[in-house]
Amino acid sequence: MNGADVRSAATAMAGALLPATGRDWTVRAGDLDWSCWTTAAHVAHDLVGYAGQVAGRRTDGYLPFDLRVRPDAPPAEVLAVAVAAAGMLAADPADRGWHWGPCDPGGFAAMGVAEILLHTHDVTRGLDLAWSPPGGLCAAVVRRLFPDAPAGDPVPVLLWLTGRAPLGGRPRRRGWTWRAARG
């Protein structure tokens, strides 16, 4: 995965959520304990963190910084921060960064796309919006982050892999992790 995938996911997020910025974003984002606002701010936080890890070329730990979105920012501005953070992550440096081990830029891009797609799914559920993550991006995330994933339509597979839905006869997962780090 690469910067173009991150930008594509951010465009999908903005397209799904910008029309709903006038709604109540204090409601729960799907089954998460976070509000829709907090979930969108979390996406921005993770994207900036991933970009910092790659740009900082850290291979032994995490950089000691955090993004803080001002609590009075309206939903449209939180989305603007998330889209800007996606642009920062899309820089495609050829170096390694740290995320539970040495991780290449493709791994960071995959994690960024996953954060965007999954949390957009959560927020659209919270705001009662009809939206489904793009299948091609879901397939790329599943290939990169979940090498032992079951076969099938990549959208429900990704939602199952991340504990958001059951899959066929498989119950909803209660614990999961992705594998982005590669030496």
Can you find a residue that is surrounded by 14 or more Cβ atoms within 10 Å (Cβ to Cβ) and farther than 18 Å from Arg7 by Cα anywhere in segment 170-177?
yes
Considering segment 130-152, residues that are open to solvent by less than 20 Å² (accessible area, probe 1.4 Å), in a helix (DSSP H, G or I) and touching a residue at least 40 places away in the same chain (Cβ under 8 Å), and then whichever is nearest to Ala12 (Cα to Cα), we arrive at Leu137
Those residues of segment 54-107 which are at pLDDT 80 or above, more than 28 Å from Thr21 (Cβ to Cβ) and out of contact with any Lys or Arg (no Cβ under 9 Å at 6 or more places or on another chain) amount to Ala55, Gly56, Asp60, Gly61, Tyr62, Leu63, Pro64
Note on segment 106-119: residues under 17 Å from Tyr62 (Cβ atoms) and not charged (D, E, K, R) are Gly107, Phe108, Met111, Gly112
A careful count of residues in segment 111-129 that are touching a Cys at 6+ places or on another chain (Cβ under 7 Å), of a type outside the set (Gly, Ala, Ser) and either assigned to a helix (DSSP H, G or I) or within 15 Å of Arg179 (Cα to Cα) (or both) gives 2
Checking the structure you have, find out if any residue of segment 161-174 is hydrophobic (A, V, I, L, M, F, W, C), part of a loop (DSSP other than H, G, I, E, B) and under 28 Å from Asp24 (Cα atoms).
yes
- request: Report whether or not Gly152 is modelled with pLDDT under 95 and over 16 Å from the mean Cα position of the chain (by Cα).
  value: no
Scanning segment 38-68 for residues that are crowded, with 18+ Cβ neighbours inside 10 Å and either of a type in the set (Ser, Thr, Tyr) or touching a helix residue (DSSP H, G or I) at 6+ places or on another chain (Cβ under 6 Å) (or both) gives Thr38, Thr39, Ala40, Ala41, Val43, Ala44, Asp46, Leu47, Val48, Tyr50, Ala51, Val54
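The values are calculated or read from the model by the stated rules, or taken from the named source; none is laboratory data. Predicted model, so just to flag it, every value in this text is computed and none were measured. Don't worry about glycine lacking a Cβ; one is built from the backbone with ideal geometry, like all the others, and counts go over all protein chains shown. Just the protein is used for accessible areas: all its heavy atoms, side chains included, with ligands, DNA and RNA removed. Shrake-Rupley method; radii C 1.70, N 1.55, O 1.52, S 1.80 Å.
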